[in-house]
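J.: Take a look at the following structure, please.
Just so it is clear, none of the values below were taken in a lab; they were calculated from the coordinates. No experiment lies behind these values; they were computed from the predicted model shown. Every residue, glycine as well, gets a Cβ built from its backbone with ideal geometry; the counts of neighbours run over all protein chains shown.
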Amino acid sequence: MSDSLNFLDPKVLAGLHNLELRARVVVEGFLAGLHKSPHRGFSVEFNDYRHYQRGDDMRHVDWRLYARSGKLYIKQYEDETNVRCMILLDTSASMAYTSGGMSKLDYGITLASALAYFIARQRDAVGLITFDDEIREYLPAKTRQLHLMRILRALSRVQAGQKTDVVKPLTDLASSLKKKSMVILISDMLDDEERIINTLTNLRAMGNDIITFHIMDDAELNFPFNEASEFIDIENNESYITSPAAIRKAYLTNINEFLAYCKKQCQTSGIDYCLMNTREPLDQALSSYITKRSKSF
């Protein structure tokens, strides 16, 4: 996992390319139209120069200046992007849960990596916040290729943290956003869901585009346990020994009410909501979501 590209699963990326991501998606950018602006590239208002950095687009080199100075300079503009996106990844202890296969956290890391890759590929600005009960990593939204690599390296270092406070990074982000942005939350929402959705609603009311990827393990969704078991709360270490049969009905009722509440409240507030089961291949889950979202435009 030391290579930051390990989380960019080729199968995921290939799956996304196999969608009908053609002219409209290429023009509008980022996963089958997650924003609707048809404009791409640099603005027409020239601002300044900066030194060329590895990964910069050679089309924006000032070759006349190079001929005079022998050094590579990139033309900068007032606004090099028309979309700014912040990805917030929940890294709390509950995200480390897995019933086999990929944990919720690894699933979220892969998703965040794929999204960051495609946003940057469209030359939109992308940033990252990782958090548990505190913000653990903050990288502001930028467009440069080297910045994407910083994001991928940060994701490669992620480890499960402590308790969850989803509201804190969202509130901090709201106070720092200077332009309307796209905000993507990746979390299992195992916190105070009412406070989370209220905070997301406030961000939406500010004119931001909000997308919530709700990551859940298959066992959390379907409760397949049969034998008497000890259930441990990962975040506070409280344990419960019980017969699954005795609590299955109540558990499934509660979890379905929780999911229905999150979905309804998000949709009512104009927030995109996508439930993702870690058992489902990520490319299939994204394909389903992308197809649904693109039809709404």
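J.: Greater than 18 Å separation of Cα atoms is the criterion. Which listed pairs, K104/K168; K104/K163; K142/K180; K180/K263, meet it?
T.: Distance filter (> 18 Å) returns K104/K168; K180/K263.
J.: A further question on this structure: Within 10 Å of each candidate Cβ there may be at most 14 other Cβ atoms; applying that plus a DSSP loop requirement, which GluC sites (Glu not before Pro) in region 190-228 survive?
T.: For GluC sites (Glu not before Pro) across region 190-228 that sit outside H, G, I, E and B with at most 14 neighbouring Cβ atoms in 10 Å, the list reads E227.
J.: Would you kindly derive the ³J(HN,Hα) couplings of region 147-157 from the backbone phi angles with the Karplus curve 6.51 cos²θ - 1.76 cosθ + 1.60 (θ = phi - 60°), listing them in order in whole Hz, with x for Gly and Pro?
T.: 5, 4, 5, 5, 4, 5, 5, 4, 5, 5, 8
J.: Per q in 0.17, 0.20 1/Å, what log10 I(q)/I(0) does a Debye calculation on the alpha-carbon atoms of region 59-162 return?
T.: Evaluating at q = 0.17, 0.20 Å⁻¹ gives log10 I(q)/I(0) of -0.79, -0.97.
J.: Taking loop as defined by DSSP and a crowding limit of 15 other beta carbons within 10 Å, which trypsin sites (Lys or Arg not before Pro) in region 171-215 fit?
T.: When the trypsin sites (Lys or Arg not before Pro) of region 171-215 are filtered for loop state and at most 15 Cβ neighbours within 10 Å, K178, K179, K180 remain.
J.: What percent of all Cα-Cα pairs in region 111-238 falls in each 5 Å bin, counting up from 0?
T.: P(r) for region 111-238, in whole percents per bin: 2, 9, 17, 20, 19, 14, 8, 5, 3, 1, 0.
J.: Based on alpha-carbon centroids, what's the gap between region 183-211 and region 123-138 in Å, whole number please?
T.: 15
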